[in-house]
2 protein chains.
Amino acid sequence: MTVDLQDMGQKAQQASYQLAQLDTLQKNAVLSTMATELEQRSQEIIAVNQADLANAHGLTASFSDRLTLDKERIYAMATGLREVINLPDPIGNVDKAWVNNAGLRIAKRRVPIGVVGIIYEARPNVTVDATGLCFKTGNAILLRGGKEALQTNIKLVEILRAALVKHNLNPDAVQILTETSHELANEFMQLTDYMDVLIPRGSARLIKAVVQNAKVPVIETGAGNCHIYVDETADLQMATDIMVNAKVQRPSVCNAAEKLIVHKSIAREFLPQVAQQLAKYNVELRGDRQACDILKTKCTLASPEDWDTEYNDYILAIKVVDSLQDAIKHINAHNTKHSEAIITNDYTNSQLFLDQIDAAAVYVNASTRFTDGFEFGFGAEIGISTQKLHARGPMGLEELTTTKYVIRGNGQVRK
Amino acid sequence: MTVDLQDMGQKAQQASYQLAQLDTLQKNAVLSTMATELEQRSQEIIAVNQADLANAHGLTASFSDRLTLDKERIYAMATGLREVINLPDPIGNVDKAWVNNAGLRIAKRRVPIGVVGIIYEARPNVTVDATGLCFKTGNAILLRGGKEALQTNIKLVEILRAALVKHNLNPDAVQILTETSHELANEFMQLTDYMDVLIPRGSARLIKAVVQNAKVPVIETGAGNCHIYVDETADLQMATDIMVNAKVQRPSVCNAAEKLIVHKSIAREFLPQVAQQLAKYNVELRGDRQACDILKTKCTLASPEDWDTEYNDYILAIKVVDSLQDAIKHINAHNTKHSEAIITNDYTNSQLFLDQIDAAAVYVNASTRFTDGFEFGFGAEIGISTQKLHARGPMGLEELTTTKYVIRGNGQVRK
C-alpha cells in the first residue's frame, strides 16, 4: 500500500472549493446523513474495531478503553453530528464592513480555511467529531489517526464519504492516511502546498513533535499547567470548593489545576482546611518548604521540576508566596498560558491578576475547569489553543474559519 | 561579539509584561519622544549610514537607494511614528462579552501578542516603522535586519531605546541582533520559548526561507501573483484604466497585477486597446496562443512558468479563456492568494467571482493596488498576509494583538 500525499492534498483542495460554495441547509443535510449512516452501519464499525483491538498488543486498560467503540459510543458520535447541525454556521458572516476614501465598499467576510489537517492518537471519535466541525465550516479534512485505530478510522471515513456521495458531493472532502508510518506523518506535517492548518490532538508528546516538525501552520492545543492563587482576602470556603473542583472533578484534562499558590497571611489557616478536603480524593500534596512546615506529614517537598509539570493526575503542588506580585511572577514563569484563577475579595488585586497574568483564560473566583468550548457556550470544541495566533482558548466553529476582503467598486484606480 | 539569543528573548518577554500594562497616553508619550530623538540625532544616523554604504560592495542602484538614509527620510520615519500616535489603540477593547450558563461573565479582551520577531532586508526604515506599530500595541520587538544596514539599524535601535529609558521604561522592549550570520538567523526563527510570532518582510526568497526554517509561528506576507479578469460584459474603458493602473502605477509591489485574463468574446476588441495603453509604459506582453494571434508582434508566447511568476516589473502575461469558470479555475490554480479582480457588469458573475476566488482580497471593478493598510483605512500596515491563519490581507494594529478570555465569577465550580 502506498499513500500519495501530494495527490491527496490536491484532491482535498479541489473538494474544498466545492464545500466553500455549499449553503447551510445543504451542509446540514449531509451531516444528518452522516449521522444516520453511522448508526445504520454500527455493526460493521464494531466488527472492524474488534479486529483493531485484537491486533493491538500490550495496551493499557485506559488506552484500550479509548480505542474501543460499542453501539452506544457510535450512537453518541451520531448525536454529536446532529448537535453540529443545530449550531449557527459562521460562513458568510461579515465581521465588519465600511467604505474607504476611494469609495470602495469593503467587507471582511468569514470563509472556510480550506484544508484542515488533524493528527491524533487513539480515540476514533476524533475522526467523526473533527469531520463534523470541519464540514459544517466548509473545510476539507485530512486525517492522520493513531496506528492502533487504523482500520476503525478507515471504516468511519468510508461511511462519512458514502454520505457525501449520497448528496452528489466530492468525497475527497474527507480523507484519511491509510498508513501510519512516521515518515508519512512527517510528510503530512509539511504538506504546505495543500494544507492550510494543522491541529494536533492528543498527548503533550504528540503536540511537541508536531510543533518541531511541521511546516504547515500549527494551532498548538492542550498543555495545561494551571494555577489557583488564593489571595489574602479570599473566602476560604469558596477557595476550598474551587481548588477541590479544579483538581479532582476530572484530573486528566488540560484545564484541571495542577498548582495551588497561597498568600502567606492565610496559608496557616487555609492549607490544613483544603488538604483535608483533598485527602478525601487521595490527592498527593507536594509543597515548598513553607507549605510542608504547615502541612507536616501530609506533604512532601516539591522538586524544582514540579513547578513546570502537568500531572494530569491526583497530585497537587503548593507554594506559599509573600505577595500577589510574587504569585503573578511565579505563574507567568511556569504556566503553559492555558487557564489561571485568583480567589480574592480584593477589587484591585482581582484587576491586577486579570491584567498581568499571561494566559488564554484568566478567572476571578471560579474553577479553571470552565475553559471549554461547551462551557463557554460555543456548542462545540475542536481543541483549546494555548498559542496566541489565530485562536486562543477554546476553539469553536468560528476558529475553523478565516476571512477574506470582498471589495466592490465602480472603476476605482489608485492615485 | 557574541549574541545570546536566549538571553535576549527572556529580556524581551520580561519587557513585554511591562508594556502590556501601559495605557495609551503613556505609549503615545514614548512614541513622541522616539520621533523627536530621531530628528534631533539625525546627523548621527546619517554618519553611521554613510559608513554602512561605504562598507557595502557591489550594490545595485536600487538596493543602495533602499539602504540610504538622509535627513528627509529620517524625518519621514519620525512623522510615521507621530501618525501611529493618532491611531486608536486596540489594546483593552472587548470583542465580545456574555454570561454563560453557570453565570460566569466572560469577555474576550484584546491584549498584546507579547514578543514579535521581525526579519527583514535592506530598508532601515522597517526598524522604526515596525517598532512604532509593535510598541503602540504593547508588544516587545526583536529585530533582525539585513547585514548591509547593520550599523544603521543598531544606531536607530540605540535611539529608540534611549527614548524608552527617558520614560523610565525597560529598553529591552526594543532589541536588535548585532550579528547577521545565517546560523544566528536560524536560531532566531526557532526561539519558540520567547518569540510569539515572526513576521518576515522582504523578498520572496527571504519569506520562503523563513517558512522553511521557522519553528516560531510565522505570518507569511507579500507574494502577489495578482490577476485582472475582464469579463464579457465589462466596460472596456474601465477595464483598460484598471489594468493599466494595476500594472504600472507601481510595478514593484505585491498588489500590482501580473496577469490579464480575458473572456474570448471581447478579446479581439479589448486586447489591442489595452495593449496600446500599456505600450506607453513599455510593458512587455507575453500571451497564450490566442492572445498572441490577436496582438501579433506586440506579444511573445508565454511559457508555462509565466503563469506562476510574480514579475514585479513592466511585464504582463495575458490569457484568453472560454468562460468565467475557466478564469476562476486558472486563477485559483496559479494565484498566490493575494488580490484578484473581475471587471464586469454582470451581477451573477460578479457574485460568483467574489465567492469562488480564493484570495485575501477579491475585487469587482477596482484595481488590485488598493490592497494596502493605508488604502483600507487602517492608518498603518505591518505587512500583507497571504496566509489564512490569524491575519489575512493588510495587517494593521489589530493584527498585532491577540485576545484573552477574562472571566469573573462568584464561586462557580464545574458540575
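For this structure, a couple of remarks:
- Filter result for the condition that a residue is more than 18 Å from B:Thr152 (Cβ to Cβ), in the same structural domain as B:Phe135 (by TED's automatic domain parsing) and under 26 Å from the mean Cα position of the chain (by Cα), over B:Ser16, B:Ser62: B:Ser16
- Selection status of A:Gly103, small (Gly, Ala, Ser), out of contact with any Lys or Arg (no Cβ under 8 Å at 6 or more places or on another chain) and within 14 Å of another protein chain (Cβ to nearest Cβ): yes
- Flag for B:Glu232 being within 29 Å of B:Leu354 (Cα to Cα), at pLDDT 95 or above, over 18 Å from the mean Cα position of the chain (by Cα) and surrounded by fewer than 20 Cβ atoms within 10 Å (Cβ to Cβ): yes
- Condition met for A:Arg408 (on the phi < 0 side of the Ramachandran plot, at the interface with chain B (Cβ under 7 Å from one of its Cβ atoms) and free of Cβ contacts under 8 Å to residues at least 60 places away in the same chain): no
- Residue check for B:Val165: hydrophobic (A, V, I, L, M, F, W, C) and in contact with a strand residue (DSSP E or B) (Cβ under 6 Å, 6 or more places away or on another chain): no
- Scanning region A:354-372 finds one or more residues that are outside the structural domain of A:Ile118 (by TED's automatic domain parsing), touching an Asp or Glu at 6+ places or on another chain (Cβ under 8 Å), of a type in the set (Phe, Trp, Tyr) and under 26 Å from A:Asn245 (Cβ atoms).
Table: residues versus (1) in contact with a Lys or Arg (Cβ under 8 Å, 6 or more places away or on another chain); (2) not hydrophobic (A, V, I, L, M, F, W, C).
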position	(1), (2)
B:Lys11	no, yes
B:Leu22	no, no
B:Lys27	yes, yes
B:Glu39	no, yes
B:Gly58	no, yes
B:Asp65	no, yes
B:Pro88	no, yes
B:Lys96	yes, yes
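- A:Thr336 vs. criteria buried (at least 17 other Cβ atoms within 10 Å of the Cβ) and over 13 Å from A:Tyr229 (Cβ atoms): yes
- The set of residues from region B:238-254 being buried (at least 23 other Cβ atoms within 10 Å of the Cβ) and touching a Phe, Trp or Tyr at 6+ places or on another chain (Cβ under 8 Å) comprises B:Ala239, B:Lys247.
- Remark: A:Leu81 matches the filter, which requires a residue to be assigned to a helix (DSSP H, G or I), more than 14 Å from chain B (Cβ to nearest Cβ), surrounded by 18 or more Cβ atoms within 10 Å (Cβ to Cβ) and hydrophobic (A, V, I, L, M, F, W, C).
- Output for region B:123-140, where each listed residue is within 29 Å of B:Leu59 (Cα to Cα), polar (S, T, N, Q) and surrounded by 24 or more Cβ atoms within 10 Å (Cβ to Cβ): B:Thr127, B:Thr131
- Residues that are of a type in the set (D, E, K, R) and touching a Lys or Arg at 6+ places or on another chain (Cβ under 6 Å), drawn from region A:189-235: A:Asp196
- For region A:250-282, a residue qualifies if it is in contact (Cβ under 8 Å) with a residue 40 or more places away in the chain and farther than 21 Å from A:Ile331 by Cβ, and the qualifying residues are A:Arg250, A:Ser252.
- If the condition is being under 21 Å from B:Asn255 (Cβ atoms), basic (Lys, Arg) and within 13 Å of another protein chain (Cβ to nearest Cβ), then region B:182-228 contributes only B:Lys208.
- Residues being among the β-branched types (Val, Ile, Thr) and within 30 Å of A:Thr371 (Cα to Cα) - total across region B:58-102: 3
- Some residue of region B:334-355 being more than 10 Å from every other protein chain (Cβ to nearest Cβ), charged (D, E, K, R) and without any contact (Cβ under 8 Å) to a residue 24 or more places away in the chain: no
- Residue count for region B:363-391 satisfying the condition of being part of a loop (DSSP other than H, G, I, E, B), within 10 Å of chain A (Cβ to nearest Cβ) and more than 18 Å from B:Val116 (Cβ to Cβ): 8.
- If only residues of region B:386-415 that are polar (S, T, N, Q) and at pLDDT 95 or above are counted, the one that is nearest to the chain's Cα centre (by Cα) is B:Thr401.
- Test: residue in region B:97-108 that is under 27 Å from B:Ser252 (Cα atoms) and either surrounded by 12 or more Cβ atoms within 10 Å (Cβ to Cβ) or among the aliphatic types (A, V, I, L, M) (or both): no
- Just so you know, in region A:229-257 the residues that are in contact with a strand residue (DSSP E or B) (Cβ under 6 Å, 6 or more places away or on another chain) and acidic (Asp, Glu) include one that is nearest to the other protein chains (Cβ to nearest Cβ), and it is A:Asp231.
- Wholly within region A:1-60, helices (runs of 4 or more DSSP H) carrying at least 1 residues that are under 18 Å from A:Ile141 (Cβ atoms): A:5-20, A:24-40
- Within region A:191-233, the set of residues being touching a helix residue (DSSP H, G or I) at 6+ places or on another chain (Cβ under 7 Å) and within 19 Å of A:Asn365 (Cβ to Cβ) comprises A:Cys226, A:His227, A:Ile228, A:Tyr229, A:Val230, A:Asp231, A:Glu232.
To keep it simple, each residue is scored yes or no on (1) closer than 27 Å to B:Phe63 by Cα; (2) crowded, with 24+ Cβ neighbours inside 10 Å.
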{"site": "B:Gly146", "(1), (2)": "yes, no"}
{"site": "B:Asn153", "(1), (2)": "yes, yes"}
{"site": "B:Val174", "(1), (2)": "yes, yes"}
{"site": "B:Thr178", "(1), (2)": "yes, no"}
{"site": "B:Gln190", "(1), (2)": "no, no"}
{"site": "B:Arg201", "(1), (2)": "yes, no"}
{"site": "B:Lys208", "(1), (2)": "yes, no"}
{"site": "B:Ala223", "(1), (2)": "yes, no"}
{"site": "B:Leu236", "(1), (2)": "no, no"}
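- The one condition from (1) among the charged types (D, E, K, R); (2) at the interface with chain A (Cβ under 8 Å from one of its Cβ atoms); (3) buried (at least 24 other Cβ atoms within 10 Å of the Cβ) that B:Lys319 does not meet is (2).
- Test for B:Ala102: is it in a loop (DSSP other than H, G, I, E, B) and hydrophobic (A, V, I, L, M, F, W, C): yes
- Filter result for B:Ile331 (more than 16 Å from B:Val262 (Cα to Cα), touching a residue at least 12 places away in the same chain (Cβ under 8 Å), over 21 Å from the mean Cα position of the chain (by Cα) and more than 11 Å from chain A (Cβ to nearest Cβ)): no
- Test result for A:Ile357, of a type in the set (A, V, I, L, M), within 23 Å of the chain's Cα centre (by Cα) and closer than 29 Å to B:Ala391 by Cα: yes
The values are calculated or read from the model by the stated rules, or taken from the named source; none is laboratory data. Computed from a predicted structure; not experimentally measured. All Cβ positions, even for glycine, are placed from backbone atoms using ideal geometry, and neighbour counts span all protein chains on display.
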